[in-house]
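*Asks:* Structure provided below as structure tokens; questions to follow.
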Amino acid sequence: MVKTRLIPVLNILNGHIVRSEDFTIHQKIGNVVDEAKRYNEWKADELICLDISRDKIYDLGRDKIYDLGRDDHKTESYSSLPDILNLISNVCFMPLTFGGGIRNMEQVDTLIRGGADKITLNTIAVEDPGFVKKVSEKYGRQAVVASIDYKGSGVKAEVYTGFGGKCAGGLLGWVKELEELGAGEIFLNSIDRDGKGNGYDLETIGLVVDSTRLPVVACGGAGTMEDFVTLAKHCKVSGVAAGNIFHFTERSYPRAKQLLKKSGIDVR
């Protein structure tokens, strides 16, 4: 039987880890490499890193300074997104998913070579669905995570791209299409619940899980560790993911894993 994964998510904005709310409010948290090292020490099941930077042209070959803006971390600025990935992969020995702003196969190649086990495709998948198939054929389904940001709930939920600014159609139909295109996993994120701490959108997550054979990792809304348990018990998700909650609670990941085990969830 496949065990449920508990997955921390790092949102990276211009080199910083940030706390996200509504996809529009971002509070700087700290150094991405240090945080990845901490999750590695806690033996996290996996790590998802998403570059959500908006003020740059996403070109892995160009120089772009990711200034941390905080001297207390005593870490040099990063010269490019691959630099961040390379440094993370040096301290992170768990499966690593990396993505955000991918526009072409060259970028995918760079991320895979740099240490990513899986890459996320979001806007590019909507704009060029055939790209999902191309990546899947080159690296295998297991390397392709279809990242879906959505608004609304239930059968009326809709997919949004462009940092939550552009509607791209119905959620359930898109999930089915992604499966046919060759995606290997769904990363489902509720924009409405981002940073709100009001619990996961169980209705929509349940519908997505029931509509696809792909493993589904759900994110968006965790406010307490009990929310992890509620999601795992009510929806047959492959992974329970969260970002903000892990930044502000002492030894948050080990404590959450212990709670899931005590609650009868078959976790790794």
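The values are calculated or read from the model by the stated rules, or taken from the named source; none is laboratory data. Keep in mind that what you see is a predicted model, and the values were worked out from it rather than measured. All Cβ positions, glycine included, derive from the backbone under ideal geometry; neighbour counts span all protein chains shown. All accessible areas refer to the heavy atoms of the entire protein, side chains included, with ligands and DNA or RNA removed. Shrake-Rupley method; radii C 1.70, N 1.55, O 1.52, S 1.80 Å.
*Asks:* Given an 8 Å cut-off on Cα distances and at least 6 residues of separation, report the relative contact order of the chain as a percent.
*Replies:* 18 percent
*Asks:* Something else: I need two numbers for the chain: Rg to one decimal and Dmax as a whole number, Cα atoms only, in Å.
*Replies:* Gyration radius and largest Cα-Cα distance of the chain: 17.2, 48 Å.
*Asks:* If you don't mind, another one. Measuring with a 1.4 Å probe in the full set of protein chains, what accessible area per residue, in whole Å², belongs to the chain?
*Replies:* Working: 12010 Å² over 268 residues.
With all protein chains present, the chain gives 45 Å² per residue.
*Asks:* Highest first, please rank the peptides 83-89, 219-225, 28-34 by the mean number of other Cβ atoms sitting within 10 Å of their residues.
*Replies:* With the highest mean Cβ count within 10 Å placed first, the list reads 219-225, 83-89, 28-34.
*Asks:* Under a plain spin-label model, where a point goes 7 Å from the Cα along Cα-to-Cβ, how far apart in nm are LYS166 and LYS133?
*Replies:* 2.2 nm
*Asks:* I would also like to ask the following. Taking every DSSP beta bridge with both residues inside the chain, roughly what % is antiparallel (nearest 5)? Before the final figure, lay out the partial values.
*Replies:* Numbers: 16 of 47 bridges.
Rounded to the nearest five, the antiparallel share is 35 percent.
*Asks:* Something else about it: Anyone know which of VAL18, VAL237, VAL91 comes out most mobile in the 10 Å Cα GNM of the chain?
*Replies:* VAL91
*Asks:* Over 21 Å between C-alpha atoms is what I'm after, so list which of LYS151/LYS262; LYS3/LYS43; LYS28/LYS257; LYS134/LYS236; LYS196/LYS262 land there.
*Replies:* Values: LYS151/LYS262 33 Å; LYS3/LYS43 15 Å; LYS28/LYS257 26 Å; LYS134/LYS236 29 Å; LYS196/LYS262 26 Å.
From LYS151/LYS262; LYS3/LYS43; LYS28/LYS257; LYS134/LYS236; LYS196/LYS262, over 21 Å: LYS151/LYS262; LYS28/LYS257; LYS134/LYS236; LYS196/LYS262.
*Asks:* Sticking with this structure for a sec: Going by the alpha-carbon gyration tensor, a ≥ b ≥ c the square roots of its eigenvalues, is the stretch 139-268 rounded (a/c under 1.5) or, if a/c is not under 1.5, prolate (a/b greater than b/c) versus oblate?
*Replies:* Values: a/c = 1.84, a/b = 1.44, b/c = 1.28.
In terms of gyration-tensor shape, prolate.
*Asks:* Still on this structure, please answer the following. Counting only other residues whose beta carbon sits under 14 Å from that of LYS196, what net charge do I get with K and R as +1, D and E as -1?
*Replies:* Details: positive: ARG19, LYS151, ARG193; negative: GLU21, ASP22, ASP192, ASP194, ASP201, ASP227.
So the surrounding residues net to -3.
*Asks:* Measure out, as a whole number of angstrom, how far apart the alpha-carbon centroids of the stretch 118-164 and the stretch 232-268 sit.
*Replies:* 25 Å
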